[in-house]
Structure formats: C-alpha cells, structure tokens
Amino acid sequence: MKKLFILPLILGCVSILHSQTLKAKIKIDIERTTGEIDSLLYGNFTEHLGRCIYGGIYDPASPQADAFGFRKDVLAASRELGVSILRWPGGNFVSGYRWQDGIGPLTTRPKRKELAWNSVEPNIVGTDEFLQYAERLGTQPYIPVNLGTGTLDDARNWVEYCNSDTGTYYANLRARNGRVKPYRVKYWGLGNEMDGFWQMGAKNADDYGKYALEAAKLMKWVDPEIKLTVCGLSYWSSGTADWNRTVLNYLKGYADYISLHFYFGDRTNNFLEYMASMKEPENEIKQTEAIINETIFKNNIDKPIYIAFDEYNVWYRTGVEEKMEEKYNLQDALAIATFLNTLIRNAQIVKMANIAQLVNVIAPMMITNDKLWKQTVYYPLQLFATNCFGSSVNSFVQTDTFNTEKYKGVPYLDVSSAYNAKNQTLVLNVVNRHPSKDIETNIENQYGIPDKRGTAYEINSPGLKDENSVNEQKVKTKEKLFAIAGKSFMYTFPAHSFTQLMIKIKQ
Ligand code: AHR
C-alpha cells in the first residue's frame with residue numbers, strides 16, 4: 001500500500017527534474033573555419049594606477065620581491081595565465097607621461113604630479129624596468145605613446161630609445177643606462193582614448209587624425225618593423241562611429257590596428273540583462289569591421305587593418321576612491337567567458353585584446369596582506385589562453401532564447417569553437433546563461449572521427465554572486481573526462497556555467 005503512495009511522488013520528482021532541463025543542438029564542421037586565432041587575444045594591461053604597478057607587479061619591500069623588486073608570485077601567476085602581450089604604461093596615465101623621467105639612475109628621476117588619477121608618479125618603474133619585466137615574463141610589450149601632452153619628438157625618440165642599434169643619441173642613452181641590445185618593441189599605440197574629454201590633450205577626430213599621422217610617420221621611419229594601433233572610439237565617449245571612419249581615413253597607410261575599449265557589468269542587478277548586454281562588444285566589432293573594410297576597399301589599401309580590443313573587463317562597482325579594486329563573482333566570470341567567445345567568433349578581424357588590468361586594479365589577481373589570490377575571472381581567461389588556438393570554427397547553435405527589457409531573442413547558450421590542426425583538437429566553449437536550468441545538448445561533429453573520450457573544464461558555483469577571496473577559491477576550474485558515443489553525442493551544460501570541451505578529432 002505504502003509503495004503505491006511513493007510511486008506518484010517519485011514520478012512527480014522525475015518530471016520536475018525533467019522540466020528543469022532544456023534541450024539544445026550544436027553542429028560543428030571543423031572545415032568551416034572563419035579566421036586564425038591570434039595568440040595576442042590573450043593579452044593584459046598594466047597601468048600606473050592604484051596598486052597595479054607599485055604594490056602590484058613591483059614591491060621591493062615584500063618578501064615576495066625578486067632581485068629586481070618585482071613580485072615573484074605575480075610573475076608566476078601571470079605566466080600561468082598565459083599573458084601573451086602586456087600593454088603599459090596607460091591608459092589615461094600615458095597622456096601626461098614623460099617617458100624620459102623614468103630612465104637612468106633612480107636618484108635622478110623626478111617625482112611628478114600625475115593628473116589622470118590625481119596621484120604622484122615616483123618614476124621608479126620606467127621603460128627599462130618594464131621591458132625587462134616583459135622579457136622575464138616572456139610576453140610581448142605594447143607601448144602607447146603620449147599623444148595628449150607629448151610631442152612628436154617624444155614619440156619618435158621613445159621608439160629610438162627602445163629599438164635602435166647604438167650610434168645615435170637615444171640608443172646610446174639606453175646603452176649608458178645598462179642595456180646595449182635594443183628591445184625591439186614591436187607593438188605601439190598612437191595615444192589612448194583621445195576622443196574623451198577626460199583625456200589630457202583630448203582631440204576631435206580631425207585633429208587627432210592629423211597629429212597621429214605625423215607621429216606614426218616618424219615612429220615608422222625610426223623603425224619600419226613596428227606595428228601601430230590607432231585610437232578608435234572609446235567606450236565612455238558619446239561620439240559616433242564617424243570617429244573611426246575619420247581617423248582611419250587619415251591613418252589608413254600606417255594603421256595596423258584600430259583600438260576598441262569595453263567595460264561591462266551587472267549595472268541593473270539583473271543577471272539576464274547583464275548576460276544579454278554582452279551582445280554590445282559584438283555589435284561594436286561588426287560596425288568597426290565594416291568601417292575598416294570600407295576604408296580598405298575605397299582606398300585600395302593592400303595591407304590588413306585589424307581590431308585591437310586593448311582594454312576590456314567588468315568594471316562598474318568601484319571608482320578611483322576604492323582604487324578600482326573590484327571584487328568579481330561567478331556572473332562576472334561568465335561575462336568574461338562570453339566576451340572571449342565573442343573574440344573567437346570574430347577572430348578574422350580581432351587580432352589583439354588586453355584585459356584591464358593585471359593585478360589589484362580591476363584585475364584577475366589580487367594581493368591581500370601580501371598574499372596573492374585569484375579572482376573568478378582569472379579562470380576563463382586561463383582556459384582560453386591555454387587551450388583555444390588554431391582556427392575559429394563556425395558552429396550552428398539551436399537553443400532556447402530569452403528576452404530582457406533591452407534585448408530580445410538572446411540564446412541561452414553562447415558558443416564559440418576552434419580547431420587546432422597542430423594537435424588535432426576541437427575546443428568548444430559554451431556559456432549556459434540560464435540562471436537555473438541545465439541544457440542537455442546534442443553535439444554533432446560533421447567532419448572527422450572524434451576520440452571516445454574528451455576533457456571538460458567547468459567553471460561554476462552554487463550562487464551567481466559567489467566570489468573568491470584570499471582565504472577561499474569558491475569559483476575555479478574543475479576538470480573531468482566525458483564519454484563521446486560517436487559522431488553525435490549528448491553533453492549537459494549546467495545552469496550558469498562556463499564549460500570548455502576539448503575533443504581530439506582525426507581527419
Ligand atoms: O583601465 C582604466 C582606464 O579606463 C584606462 O586608464 C582608460 O584608458 C580607460 O578609460
């Protein structure tokens with residue numbers, strides 16, 4: 001008799017569980033590639049701001065300091081993060097920076113009033129310290145020059161100081177400062193966010209275009225091997241995409257990249273609205289790609305111009321008062337994974353990206369009481385930078401959608417995929433943006449024979465607002481193996497998670 005009562009109860013539970021799972025389909029054909037993934041997508045940024053440089057990468061007073069005064073734990077965690085390119089010294093900071101203050105004997109370096117962040121710059125970490133740090137880290141340095149308060153001479157002389165063989169004044173000065181061999185810095189920027197009123201020496205598009213063109217000419221005349229990024233329309237500006245068209249028109253012969261900046265966050269305390277807003281960077285990319293193509297075709301330019309997303313991150317909680325020490329949670333990690341998916345889907349045109357910033361200041365790692373710990377956003381970044389290389393693959397995704405006040409028809413699954421022919425591995429990056437439902441997905445591989453087992457990396461946690469701290473890593477990567485039944489198999493992506501599947505495929 002008892003059993004008769006229990007049965008409907010069990011069936012009821014099963015049907016509730018069932019209704020908590022959605023269904024989806026992903027089809028992948030590794031021959032349908034759309035562009036090569038540039039390793040420079042996994043870059044970072046260190047600005048003279050708050051505790052990023054002083055008290056972040058550099059802290060001679062810490063027991064963590066190496067012989068050069070730089071923190072060994074930050075260096076090690078940056079290596080683990082796979083930082084491929086490191087932008088320095090700003091940001092807004094660069095638009096008032098005199099690079100000449102930061103070279104030579106420490107005792108002769110001036111302390112300067114710093115206007116971007118209303119601080120004092122001690123000029124202890126300068127060009128040589130930064131470039132040698134980048135060498136130890138094994139990353140490409142990327143230097144934006146000062147086109148705010150700086151002169152054309154400042155710009156071209158900085159290139160000479162870093163890149164020329166000895167025999168001329170600035171190259172000899174470098175040698176006198178202890179470095180004979182040129183650093184050969186390949187990546188340079190033509191200023192930072194020059195369209196913004198908050199920028200020292202901000203300009204309108206024509207004034208910037210003319211000035212940046214002259215700087216670009218001189219810099220490339222000093223070293224024709226360098227690659228230059230032109231300032232695109234910055235995220236904060238109320239300007240229009242006409243800025244991008246105008247500046248590219250001036251710089252079309254010199255621009256290797258045009259920059260975009262993007263900062264996002266849960267500004268309305270609404271998870272789905274936040275997830276849906278991650279469509280914006282994709283819109284920016286599409287719009288900028290169209291302007292690049294227009295410039296190239298109209299002017300018969302015979303070299304590519306790419307997008308450098310040289311600042312992006314979650315940033316909405318803190319200001320300068322809090323030294324921008326933003327604490328990240330699970331939903332921020334999902335936003336970063338979605339952003340990285342966006343870069344992979346647009347790998348044909350986005351060839352560089354730099355998360356802002358490396359440590360303490362809106363950063364994937366923090367130092368608390370002299371101890372380094374990893375924020376939630378560290379983990380998706382690390383997964384992409386470790387595994388997601390090769391060609392971007394165009395995947396077909398069929399999944400339920402959701403609507404928010406601002407965005408309609410947003411798919412719950414956000415997907416990117418890549419095939420790396422070198423290790424014959426398919427990488428499938430999937431964010432399940434459903435706040436409570438798992439999504440049971442049929443994955444159909446349309447070309448080649450997959451291995452019988454794959455590796456899954458998952459980032460998840462019970463609460464959307466779960467954070468990490470110096471004492472606890474609640475949100476981090478978990479690894480497991482999964483079975484692959486054949487060309488078509490099922491995988492369940494848990495609610496509010498990021499999953500990276502790695503599958504060997506023999507062609
Ligand atoms: O990354 C912080 C600041 O944000 C940068 O200095 C500036 O370029 C942007 O507005």
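The values are calculated or read from the model by the stated rules, or taken from the named source; none is laboratory data. Since the structure is predicted, the reported quantities are computational estimates derived from the model, not experimental observations. Note: ideal-geometry Cβ built from the backbone for every residue, glycine included; neighbour counts use all protein chains shown. Note: accessible area is taken over every heavy atom of the protein model, side chains too, but ligands, DNA and RNA are not part of it. Shrake-Rupley method; radii C 1.70, N 1.55, O 1.52, S 1.80 Å.
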Does Leu152 count as in contact (Cβ under 8 Å) with a residue 24 or more places away in the chain, among the hydrophobic types (A, V, I, L, M, F, W, C) and open to solvent by 20 Å² or more (accessible area, probe 1.4 Å)? yes
### Message
When you check Ile307 against the structure, is it part of a helix (DSSP H, G or I) and buried (at least 16 other Cβ atoms within 10 Å of the Cβ), yes or no?
### Response
no
Being buried (at least 19 other Cβ atoms within 10 Å of the Cβ) and closer than 17 Å to Tyr97 by Cβ narrows Tyr208, Tyr142 down to just Tyr142
Checked pairs for the stretch 342-362, first of a type in the set (D, E, K, R), second part of a strand (DSSP E or B) and more than 10 Å from the ligand (Cβ to nearest atom), C-beta under 6 Å and 6 or more apart or across chains, list as Arg345/Ser416; Lys351/Tyr306
When restricted to Ser277, Ser259, the only residue polar (S, T, N, Q), over 19 Å from Pro144 (Cα atoms) and either open to solvent by less than 40 Å² (accessible area, probe 1.4 Å) or touching a strand residue (DSSP E or B) at 6+ places or on another chain (Cβ under 7 Å) (or both) is Ser277
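Results for (1) in a loop (DSSP other than H, G, I, E, B); (2) under 25 Å from Thr342 (Cα atoms); (3) open to solvent by 50 Å² or more (accessible area, probe 1.4 Å), shown as yes or no for each residue.
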residue	(1), (2), (3)
Lys23	no, yes, yes
Thr34	no, yes, yes
Cys52	yes, no, no
Pro60	yes, no, yes
Val94	no, no, no
Being among the hydroxyl-bearing types (Ser, Thr, Tyr), touching a Lys or Arg at 6+ places or on another chain (Cβ under 7 Å), assigned by TED's automatic domain parsing to the domain that holds Ala308 and more than 16 Å from the ligand (Cβ to nearest atom) narrows Tyr211, Tyr274 down to just Tyr211
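Which of the residues spanning the stretch 140-156 are small (Gly, Ala, Ser) and in a helix (DSSP H, G or I)?
Ala155
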For the stretch 430-462 the number of residues that are out of contact with any His (no Cβ under 9 Å at 6 or more places or on another chain) and not in a strand (DSSP E or B) is 7
Tell me, please, whether a residue that is of a type outside the set (Asp, Glu) and without any contact (Cβ under 8 Å) to a residue 24 or more places away in the chain can be found in the stretch 80-102.
no
